[in-house]
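Everything below concerns the one structure shown next.
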Amino acid sequence: MGNLGYSLCEIGKYEDALVLQRRSVELWRGLAGEDHADTLSAIASLAHTLAALKRDEEAMELRSKAFEGFRSIHGIHHPVTLLTKVNYTLSLCAMDRMDEAVQSSRSILRTATQMSGSDYAALYEGMENLSQSLANLGEMEVGDDLHQFVIRMRGF
């Protein structure tokens with residue numbers, strides 16, 4: 001259900017996506033509990049759709065919840081945890097909270113440097129998106145630092 005909701009978001013059917021994603025969060029909460037990885041994934045997916053709808057405050061709140069949950073389960077040096085932090089930081093950018101976004105981006109870069117590997121394609125894609133958002137918002141230095149890191153990790 002959550003995957004279908006995510007797919008609907010990707011093709012622009014946001015309201016349909018929200019219905020399925022909210023239901024998915026409810027189901028996972030009932031089945032596995034609030035702090036289960038599948039519940040957190042459903043929450044992150046719902047946040048993605050809210051961000052696409054420019055409902056930035058709601059998206060950031062859910063992304064923060066997902067990040068804290070994944071950090072509790074996996075620790076910070078896990079690609080899912082760090083990707084969730086990347087998405088949270090994108091919400092900070094969308095809300096023009098640049099000081100926090102820059103601080104979070106530097107933390108992401110430090111952590112990613114400690115855990116780098118070639119099997120983190122989704123994380124690197126998220127980091128590249130964040131680097132572009134930061135650069136577009138005038139934070140060239142940290143945006144370029146993230147971009148250069150991704151290039152090195154991808155072997156270019």
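Quick one: which residue in ALA52, ALA42 is of a type outside the set (Phe, Trp, Tyr) and surrounded by 22 or more Cβ atoms within 10 Å (Cβ to Cβ)?
ALA42
Could you go through the range 27-34 and let me know if any residue there is open to solvent by less than 30 Å² (accessible area, probe 1.4 Å) and outside any helix (DSSP H, G or I).
yes
Does LEU62 satisfy the criteria of being of a type in the set (A, V, I, L, M, F, W, C) and open to solvent by 20 Å² or more (accessible area, probe 1.4 Å)?
yes
Would you call LEU62 assigned to a helix (DSSP H, G or I), touching a helix residue (DSSP H, G or I) at 6+ places or on another chain (Cβ under 6 Å) and among the hydrophobic types (A, V, I, L, M, F, W, C)? Even if it seems obvious, please write down each step before you answer.
Numbers: assigned to a helix (DSSP H, G or I): yes; touching a helix residue (DSSP H, G or I) at 6+ places or on another chain (Cβ under 6 Å): yes; among the hydrophobic types (A, V, I, L, M, F, W, C): yes.
Yes, satisfied.
Those residues that are open to solvent by 40 Å² or more (accessible area, probe 1.4 Å) and either touching a strand residue (DSSP E or B) at 6+ places or on another chain (Cβ under 9 Å) or over 20 Å from THR81 (Cβ atoms) (or both), I need them from the range 127-144; list them, please.
Initially, the range 127-144 is screened for residues open to solvent by 40 Å² or more (accessible area, probe 1.4 Å), giving 129, 132, 136-141, 144.
Hits for the range 127-144 are GLN132, ASN136, LEU137, GLY138, GLU139, MET140, GLU141, ASP144.
Among the listed residues LYS65, LYS54, identify the single one that is free of Cβ contacts under 8 Å to residues at least 40 places away in the same chain and either under 25 Å from TYR14 (Cα atoms) or under 15 Å from the mean Cα position of the chain (by Cα) (or both).
Selected residue: LYS65, the only one of LYS65, LYS54 that is free of Cβ contacts under 8 Å to residues at least 40 places away in the same chain and either under 25 Å from TYR14 (Cα atoms) or under 15 Å from the mean Cα position of the chain (by Cα) (or both).
Could you tell me which of the residues SER133, SER104, SER64 is modelled with pLDDT under 95 and of a type in the set (S, T, N, Q)? If you could, list the steps in order and put the result at the bottom.
On the way: SER104 fails: modelled with pLDDT under 95; SER64 fails: modelled with pLDDT under 95.
That would be SER133, the only listed residue that is modelled with pLDDT under 95 and of a type in the set (S, T, N, Q).
Given the structure, is ALA135 assigned to a helix (DSSP H, G or I), free of Cβ contacts under 8 Å to residues at least 24 places away in the same chain, among the hydrophobic types (A, V, I, L, M, F, W, C) and touching an Asp or Glu at 6+ places or on another chain (Cβ under 8 Å)?
In short, yes.
Residue under question is ALA101, and the condition is that it be crowded, with 23+ Cβ neighbours inside 10 Å and in contact with a Cys (Cβ under 6 Å, 6 or more places away or on another chain); does it hold?
Working: crowded, with 23+ Cβ neighbours inside 10 Å: yes; in contact with a Cys (Cβ under 6 Å, 6 or more places away or on another chain): yes.
Against the criterion (crowded, with 23+ Cβ neighbours inside 10 Å and in contact with a Cys (Cβ under 6 Å, 6 or more places away or on another chain)), ALA101 qualifies.
Being surrounded by fewer than 22 Cβ atoms within 10 Å (Cβ to Cβ) and at pLDDT below 95 narrows it down to one residue among HIS78, HIS74; which is it?
Numbers: HIS74 fails: at pLDDT below 95.
None of the others qualify; the one that does is HIS78.
The values are calculated or read from the model by the stated rules, or taken from the named source; none is laboratory data. As the structure is a computational prediction, the values presented were derived from the model and not from experiment. Glycine gets a Cβ as well: all are built from the backbone with ideal geometry, and neighbour counts include every protein chain shown. What goes into the accessible areas is simple: the full protein's heavy atoms, side chains included, and nothing from ligands, DNA or RNA. Shrake-Rupley method; radii C 1.70, N 1.55, O 1.52, S 1.80 Å.
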